[in-house]
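Notes follow once the structure below has been shown.
The values are calculated or read from the model by the stated rules, or taken from the named source; none is laboratory data. These numbers were taken from a predicted model, which means no experiment stands behind them. Virtual Cβ from ideal backbone geometry, glycine too; neighbours counted across all protein chains shown. To get the accessible areas, we keep the full protein, side chains included, count just its heavy atoms, and leave off ligands, DNA and RNA. Shrake-Rupley method; radii C 1.70, N 1.55, O 1.52, S 1.80 Å.
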Amino acid sequence: MRYWQHVIFASLLALSALTSCFVFRLLNISSVAFHSGESMLSQGKFTEALQKFRIAAAAGGLRPSMALKLARSAFLAGDATFSKEVLSSLITSKTRLSPDVLNAVAGEFDSMGMPALALAALRRAGDSVLQSEPSAIYLAELESRVGDVAASEQLYRRVLGKYPDSIAAALGLAQLVAWHGRTQEAEGLCESVLRRNPENRQARLVLGRVLTAAGRFNDAIVQYRQVLGETP
């Protein structure tokens, strides 16, 4: 009797272990497939990566990080339509998305030549976009590219209000106002950056462009020469 009790107990333990392994594997299909997809993506195996990410999405739901990888692998595998569908489903979902995630989504749309959809993605962040300086600056740039100059200028100024030392925001605003005839203001923005960072080549390059737009070609040449490391 004791022998059979041991046999039954051992069988139950074995069955429990097998069941646990099966359930664990089932619950982790999404994670396993996702990491496998990342590996394939890093190796340039875009079609294989797409297959793995699709398995991961089907098994575990379309988390933001997964959706971005799925969209990227789909695009690299030549399926831009599916990539667009994945990104669109992400930004129209009820999932709470951080400005950085929306920035990444916008970047994917932008890389596919869809700036309007990139703009829609980042606009979803609302006022929270200011929590991420790069995201807010990117949104201001996108607003300008689609022709909403007022929205772009307002956002650049809000970024500078929150991040007063932001070089990217100051230079972005300088270029924006310069191209709309306000070259004196643009020059002041560039010079404010150069006072703090005299070796900043990007600021000198933008200043050169601003001076060119103002018709001050000799002054612009001085800036361009400094960018190239030449003595004025």
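Kindly indicate whether any position in segment 153-165 is buried (at least 21 other Cβ atoms within 10 Å of the Cβ), farther than 28 Å from residue 127 by Cβ and not basic (Lys, Arg).
First, the residues of segment 153-165 that are buried (at least 21 other Cβ atoms within 10 Å of the Cβ): 155-156, 159.
Checking which are farther than 28 Å from residue 127 by Cβ leaves us with none.
So far as segment 153-165 goes, no, none of its residues is buried (at least 21 other Cβ atoms within 10 Å of the Cβ), farther than 28 Å from residue 127 by Cβ and not basic (Lys, Arg).
For residue 164, state whether it is without any contact (Cβ under 8 Å) to a residue 60 or more places away in the chain, assigned to a loop (DSSP other than H, G, I, E, B) and more than 30 Å from residue 215 (Cβ to Cβ). Steps first, please.
Working: without any contact (Cβ under 8 Å) to a residue 60 or more places away in the chain: yes; assigned to a loop (DSSP other than H, G, I, E, B): yes; more than 30 Å from residue 215 (Cβ to Cβ): yes.
Here the answer is yes, as residue 164 does meet what is asked.
Can you name the number of the only condition in (1) more than 27 Å from residue 128 (Cβ to Cβ); (2) open to solvent by 70 Å² or more (accessible area, probe 1.4 Å); (3) touching a helix residue (DSSP H, G or I) at 6+ places or on another chain (Cβ under 7 Å) that residue 182 fails?
(3)
Does residue 67 satisfy the condition of being of a type in the set (A, V, I, L, M, F, W, C), open to solvent by less than 40 Å² (accessible area, probe 1.4 Å) and in contact with a helix residue (DSSP H, G or I) (Cβ under 9 Å, 6 or more places away or on another chain)?
Details: of a type in the set (A, V, I, L, M, F, W, C): yes; open to solvent by less than 40 Å² (accessible area, probe 1.4 Å): yes; in contact with a helix residue (DSSP H, G or I) (Cβ under 9 Å, 6 or more places away or on another chain): yes.
It is true that residue 67 is of a type in the set (A, V, I, L, M, F, W, C), open to solvent by less than 40 Å² (accessible area, probe 1.4 Å) and in contact with a helix residue (DSSP H, G or I) (Cβ under 9 Å, 6 or more places away or on another chain).
Only residues that are among the β-branched types (Val, Ile, Thr) and touching a helix residue (DSSP H, G or I) at 6+ places or on another chain (Cβ under 8 Å): list them for segment 82-98, please.
In the first step, residues of segment 82-98 are kept if they are among the β-branched types (Val, Ile, Thr); the result is 86, 91-92, 95.
Hits for segment 82-98 are 86, 91, 95.
Say whether the condition of being in contact (Cβ under 8 Å) with a residue 12 or more places away in the chain, assigned to a loop (DSSP other than H, G, I, E, B), open to solvent by 20 Å² or more (accessible area, probe 1.4 Å) and closer than 29 Å to residue 94 by Cβ is met by at least one residue in segment 193-214. Please lay out each step first, then the result.
Restricting attention to segment 193-214, the residues satisfying the condition of being in contact (Cβ under 8 Å) with a residue 12 or more places away in the chain are 193-194, 196-197, 200-211, 213-214.
Going one step further and asking which of them are assigned to a loop (DSSP other than H, G, I, E, B), we end up with 197, 200, 214.
Those left that are additionally open to solvent by 20 Å² or more (accessible area, probe 1.4 Å): 197, 200, 214.
Pick out the ones that are also closer than 29 Å to residue 94 by Cβ and you get none.
No, segment 193-214 contains no residue that is in contact (Cβ under 8 Å) with a residue 12 or more places away in the chain, assigned to a loop (DSSP other than H, G, I, E, B), open to solvent by 20 Å² or more (accessible area, probe 1.4 Å) and closer than 29 Å to residue 94 by Cβ.
Filter segment 102-116 down to residues that are surrounded by 20 or more Cβ atoms within 10 Å (Cβ to Cβ) and either under 21 Å from residue 157 (Cα atoms) or of a type outside the set (D, E, K, R) (or both), then give me how many there are.
Total satisfying the criteria: 6.
Name the pairs whose Cβ atoms lie under 8 Å apart, with the first residue in segment 147-158 and closer than 15 Å to residue 178 by Cα, the second open to solvent by 30 Å² or more (accessible area, probe 1.4 Å), and 6 or more positions between them or separate chains?
149/180; 152/141; 152/144
Yes or no, residue by residue, for (1) under 24 Å from residue 101 (Cα atoms); (2) not aliphatic (A, V, I, L, M):
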| position | (1), (2) |
| --- | --- |
| 112 | yes, no |
| 133 | yes, yes |
| 157 | yes, yes |
| 183 | no, yes |
| 201 | no, yes |
| 205 | no, no |
